[in-house]
1. Tell me, please, whether a residue that is in contact (Cβ under 8 Å) with a residue 24 or more places away in the chain, basic (Lys, Arg) and out of contact with any Gly (no Cβ under 6 Å at 6 or more places or on another chain) can be found in segment 94-115.
2. Take the residues in segment 65-93 that are surrounded by 11 or more Cβ atoms within 10 Å (Cβ to Cβ) and of a type in the set (Ser, Thr, Tyr), then tell me which one is modelled with the highest pLDDT.
3. Quick one: in segment 121-144, which of the residues that are under 25 Å from residue 71 (Cα atoms) and β-branched (Val, Ile, Thr) is surrounded by the fewest Cβ atoms within 10 Å (Cβ to Cβ)?
Amino acid sequence: MTVRPLNLTAKLRPLPVAHDALFYVNVALLVLFFSLFGSRFVVAPGLVISLAGRGAAVDLPTMAGAVAGARPTDVAITVRSAQAIMVDTGVLRLNELPAWLANQSQLRGRKNLRLLIEGDRSLTEEDLLKITAMATAAGYTIQLAAQPAGGK
């Protein structure tokens, strides 16, 4: 053993008795902190959904101006310029877009898909018109999401 040549066992002394109570205080404080900071009142509980009537139909919150029969967007692209059209599979150029749109229609197995075009401030009107013409020719309905010209 490594302690025998140095005679370290002779230098050991017992712990003072006063430290026993400090251990229990420490454990009690840890339990208190975990019970307070791990409670459901500190963690965000999420959206409260109230149940209405006996049939327990869910009464979800409403938003002014929302369309009742709205459909989600089927395909989304982000356009920085005509040379950088970002899709879920990578980056396309403008001349590759019609083939990609046709491929997406075939993958989804139906026509009349909704295409969301997310435009950057650097997107020109000419490029936007080209993209919308290609998407309309492929049978897509266009939705636009753009940044304001002067905003951040």
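The values are calculated or read from the model by the stated rules, or taken from the named source; none is laboratory data. Every value quoted in this text rests on a predicted model; they were computed, and no experiment measured them. Ideal geometry is used to build each Cβ from the backbone, glycine not excepted, and the neighbour counts take in all protein chains shown.
1. So far as segment 94-115 goes, yes, one or more of its residues are in contact (Cβ under 8 Å) with a residue 24 or more places away in the chain, basic (Lys, Arg) and out of contact with any Gly (no Cβ under 6 Å at 6 or more places or on another chain).
2. 78
3. Here the answer is 136.
Listed here are the residues, each with its yes/no results for (1) exposed (fewer than 10 other Cβ atoms within 10 Å of the Cβ); (2) at pLDDT below 85; (3) of a type in the set (D, E, K, R).
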position: 10; (1), (2), (3): yes, yes, no
position: 15; (1), (2), (3): yes, yes, no
position: 34; (1), (2), (3): no, yes, no
position: 50; (1), (2), (3): yes, yes, no
position: 98; (1), (2), (3): no, no, no
position: 106; (1), (2), (3): yes, yes, no
position: 114; (1), (2), (3): no, no, yes
